[in-house]
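**Q** Mind looking over this structure? Questions follow.
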Amino acid sequence: MTIPLLEARELTKSFDSVRALAGVSLTIPQGEVTALVGDNGAGKSTLVRCLTGVQAPDTGQILFKGEPVRLRSPEDARKMGIETVYQDLALIDDLAVWQNLFLNRELVYPLGIVNRRGMIARSGEILRDLDVDVPSVRTTVRRMS
């Protein structure tokens, strides 16, 4: 039996009297694409925030490669290779595509100098791997009205 890459077991999360997650379980196998689909207000965003360290579940367990983990921050999740690709509403206008991709996790040289060329090159690789077609990673993000 193959061990799942990521697993949620009986997660619950409440915000005051609103129960956003009520015993949610999810298995994400290694090497497969998994879609999370549901109605507005079904708890999809809350589940993703729990699985990426943005919020802690009230109860339940998260396992990574079969081992229980406690994700205290998005950085904890990133170190395990767990990342969220947000919808365009989470992008920052007037920054380039590459700047949005590396926002708050910039690549730096020793002494803290920003590795702009490295981020631009890596952004192109990421978008090619995801089969995302943008004219250039240097393109500025603009809202469509």
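The numbers here are math on the coordinates, done by the rules we state, and not lab data. Just so we're clear, the structure is a prediction, and the values are computed from it rather than from any experiment. When we count neighbours, we look across all protein chains shown, and the Cβ atoms used for this are built from the backbone with ideal geometry, even at glycine.
**Q** Could you name the aspartates and glutamates in cross-link range of K79, using Cα to Cα under 16 Å and dropping any fewer than eight places away on the same chain?
**A** Within the straight-line cut-off, K79 pairs with E67, E106.
**Q** Sticking with this structure for a sec: Could you state the principal axis extents of the C-alpha atoms in the stretch 15-145, from the largest down, to the nearest angstrom?
**A** Sorted largest first, the three principal extents are 44, 41, 31 Å.
**Q** With the crude spin-label approximation of a point 7 Å out along Cα→Cβ, what separation in nm comes out for R9 versus I113?
**A** It is 4.9 nm.
**Q** Which angle from 0 to 90°, rounded to the nearest 10, does the C-alpha axis of helix 116-129 make with the longest principal axis of the chain?
**A** 60 degrees
**Q** Any aspartates and glutamates with Cα under 18 Å of the K13 Cα? List them, leaving off those in the same chain fewer than 8 positions away.
**A** D39, D58
**Q** Out of P110, A121, C50, whose Cα points farthest toward the positive end of the dipole of the stretch 1-122 (charges: +1 Lys, Arg; -1 Asp, Glu; placed on Cβ)?
**A** The one lying farthest along the dipole's positive direction is P110.
**Q** Which value, in debye to the nearest 20, describes the size of the charge dipole of the chain about its Cα centre when Lys and Arg Cβ atoms bear +1, Asp and Glu Cβ atoms bear -1, and nothing else is charged?
**A** Details: 18 positive and 18 negative charges, 71 e Å.
Value, rounded to 20: 340 debye.
**Q** At R0 = 35 Å, how high is the FRET efficiency between E125 and I28 if r is their beta carbon distance? Nearest 0.05 is fine.
**A** 0.90
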